[in-house]
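Here the structure comes first, spelled out in structure tokens, and everything after it is commentary.
The values are calculated or read from the model by the stated rules, or taken from the named source; none is laboratory data. Fair warning: this is a prediction, and the values are worked out from it, not measured in the lab. With ideal geometry, Cβ positions are generated from the backbone for all residues, glycine too; neighbour counts draw on all protein chains shown. Note: areas computed on protein heavy atoms with side chains; ligands, DNA, RNA excluded. Shrake-Rupley method; radii C 1.70, N 1.55, O 1.52, S 1.80 Å.
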Amino acid sequence: MISLLQEAATTAAEHTEEAAEAAAHGSESASGLPQLDFSTFPNQIFWLIVTLAVLYWVLSRIALPRIAAVLSDRQGAITGDLMAAEEFKQKAKEAEAAYDKALADARAEAQKIVEANRAEIQKELDAAVAHADAEIGARAAESEKRIREIRDSAANDAREVARDVTAELVSSFGGSVDQSAIDSAVETRLKGALQ
């Protein structure tokens with residue numbers, strides 16, 4: 001193994017010396033840039049044309065068809081996406097129209113329910129008012145009847161008191177008490193006072 005390492009080191013040293021000699025020789029013989037050397041122009045033009053032809057062939061046969069296929073696929077995807085977007089837009093418009101119709105129907109139904117409830121409440125209110133009016137009318141009639149009874153009772157009591165007072169006055173002044181004359185005088189007097 002050591003011998004192999006020694007051989008490799010010897011070979012590397014020889015190559016280094018050769019490279020140094022070539023570099024020294026090349027710097028003496030070449031001055032300037034080699035691509036600007038007029039003696040190599042025909043060779044450079046030939047290889048330029050060959051390289052461009054190979055590059056054109058590779059691009060036209062391999063790369064450009066793949067790029068065209070990718071662009072075509074991409075255009076197809078874009079067109080498909082646009083068509084799908086248009087379909088979704090149409091569906092969204094239809095959904096919005098259906099929503100607006102449902103909303104309008106719901107509002108109309110709510111209005112009908114409100115009107116029905118309002119009519120029912122008005123009917124109940126009218127019934128309650130009629131019942132209250134009837135009750136008030138019945139109470140008023142009953143109150144008038146009681147007032148009439150009280151008035152009649154008061155008139156009767158006033159007649160009784162007037163008869164008793166008149167009889168007492170006549171007897172206190174020394175006269176004879178004629179009950180029928182006292183009754184007719186009190187009735188005549190009260191009829192004129194009550195009218």
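The structure-derived value of Cα extents along the principal axes in Å appears in the list (1) 48, 45, 32; (2) 61, 55, 28; (3) 191, 49, 41 under the label (3).
Can you give the accessible area per residue of region 111-195, in Å², using a 1.4 Å probe? Before the final figure, lay out each step's value.
Numbers: 6960 Å² over 85 residues.
Value for region 111-195: 82 Å² per residue.
By how many nm would the segment from A98 to L82 lengthen if fully extended, with 0.36 nm per residue of separation less the alpha-carbon distance?
Working: separation 16, 0.36 × 16 = 5.76 nm, distance 2.39 nm.
Gain in length upon complete extension: 3.4 nm.
In the context of the full protein assembly, I62 retains an accessible surface of approximately 70 Å², using a probe radius of 1.4 Å and ignoring ligands and nucleic acids. For the chain, the longest principal axis of the Cα atoms and the long axis of helix 41-58 meet at an angle of about 40 degrees.
Once a ≥ b ≥ c are taken as the square roots of the eigenvalues of the Cα gyration tensor of region 79-195, is the result rounded (a/c under 1.5), prolate (a/b larger than b/c) or oblate (a/b not larger than b/c)? Here region 79-195 falls in the prolate category.
Expressed in nm to one decimal, what extension gain is obtained for the pair F41 and R66 from 0.36 nm per residue of sequence separation less their Cα-Cα distance?
Numbers: separation 25, 0.36 × 25 = 9.00 nm, distance 3.55 nm.
Additional length available on full extension: 5.5 nm.
Each distinct pair of alpha carbons in region 52-102 adds a 1/r term; the inverse of their mean, the Kirkwood radius, is 14.0 Å. Between the Cα long axis of helix 64-172 and the first principal axis of the chain there is an angle of about 10°, rounded to the nearest 10. Within the accessible surface of the chain, defined with a 1.4 Å probe on protein heavy atoms only, the carbon and sulfur portion equals 63 percent. Between K89 and A119, the simple spin-label model (points 7 angstrom out along Cα→Cβ) gives 4.7 nm. Seen against the Cα atoms of the chain and their longest principal axis, helix 2-29 is set at about 80 degrees.
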